[in-house]
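One structure is given below, encoded as structure tokens.
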Amino acid sequence: MRLLIVLIFLLTCVWDVAAQHPIDVQRKTAAGEHFEALVTYEKLPKRRVNAGAQLAAAKSAWALGLAQRAVEDFEAVLRKYKLSPSEQARIFLSRGMIEYQEGKYRVSALYAERLTSLLEQESPLRSHGWFLWGESLYQLGSFGAAAKKYDLALAESDETSQADIHFRLGKSHILLGDLEKAQAHFEHIPLGHERTPEAIRHLAEIALEQQRYAQASFWLTKGKQEYPDEFLDSWVDYALVRAAHFEGDMEKMQELRVEAEKRYPPSDSWLTLLSASAEESFWSQSLASDESAGEEG
């Protein structure tokens, strides 16, 4: 990190200082050229620095992992310039996210609270504040309080944010023991979203917990079909064996067991449980058949 700062300083001494403008910093930040943006910012004469340039520099510093440098620039902008409520709110959101990334969840919650208090009208920006507040509370183990903030975030969110909020609500309600609500939120996550494989797995877990084995099998099979890489693990096969057991499908159980024994090492704990579950089912089925034959005799 120190080396990066030294490089920026050296380049400001070497590169041409003429024809540098505040807008150049903003353009480079917007283009993702964060190192160049910081170098350009450092070359600006102090009298030419404006709020836009310093905000862009803060964002680029953050993107480069220079969290403390970003914090200093964000705080300087708040002190030096007269900003609109939405501009202040965006800085509070950035500050809160930095604190969250640093693991300072109580501080990130405070910035989220400042943001939501500052904006009087519902908006996607305020939704981000509610969501950050919820995320902070979730990390602090306050799942009920987090769910309330996620609900507020969902009510004000735009379409692009809704799947992530539904996912976090689903996770929160699992931890709160409300599986019906968790299921409803996971089912709102569309196919193709990055959270979808996890959501499908949770839906399968909920169905197993509620002894809805046909539905568990449906979700696990769908996961394997749509996201084969994410569902290539022994727990999935174990869960499918359990579902087949309670559905009385011995043939499917045997197929799953044979394939699993080819795929996973003997030391795999889920394979051990899978084999034990299948064995128990076969013995139970055999015993039931023997008893039935005895009664007929």
Quiz item: If you scan region 131-144, which residues turn out to be outside any helix (DSSP H, G or I) and either closer than 15 Å to GLY170 by Cβ or in contact (Cβ under 8 Å) with a residue 12 or more places away in the chain (or both)?
Solution: LEU140
Quiz item: Pick from region 86-117 the residues that are surrounded by fewer than 21 Cβ atoms within 10 Å (Cβ to Cβ) and either polar (S, T, N, Q) or touching an Asp or Glu at 6+ places or on another chain (Cβ under 7 Å) (or both): which of them is nearest to ARG69 (Cα to Cα)?
Solution: SER94
Quiz item: So which of LEU179, LEU232, LEU203 ends up being crowded, with 20+ Cβ neighbours inside 10 Å and either touching a residue at least 60 places away in the same chain (Cβ under 8 Å) or not charged (D, E, K, R) (or both)?
Solution: LEU203
Practice problem: For region 29-78, enumerate the residues that are in contact with a Ser or Thr (Cβ under 6 Å, 6 or more places away or on another chain) and open to solvent by 50 Å² or more (accessible area, probe 1.4 Å). | Solution: GLU42, LYS59
Practice problem: Taking the options ALA147, ALA163, ALA155, name whichever one is in contact (Cβ under 8 Å) with a residue 24 or more places away in the chain, open to solvent by 70 Å² or more (accessible area, probe 1.4 Å), out of contact with any Phe, Trp or Tyr (no Cβ under 7 Å at 6 or more places or on another chain) and farther than 29 Å from LEU256 by Cβ. | Solution: ALA155
Quiz item: Looking at (1) under 30 Å from ARG257 (Cβ atoms); (2) outside any helix (DSSP H, G or I), which is the only condition HIS193 fails?
Solution: (1)
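The values are calculated or read from the model by the stated rules, or taken from the named source; none is laboratory data. Source: prediction; values computed, not measured. Cβ atoms come from the backbone with ideal geometry, glycine included; neighbour counts cover every protein chain shown. For accessibility, only protein heavy atoms count, side chains too; no ligands or nucleic acids. Shrake-Rupley method; radii C 1.70, N 1.55, O 1.52, S 1.80 Å.
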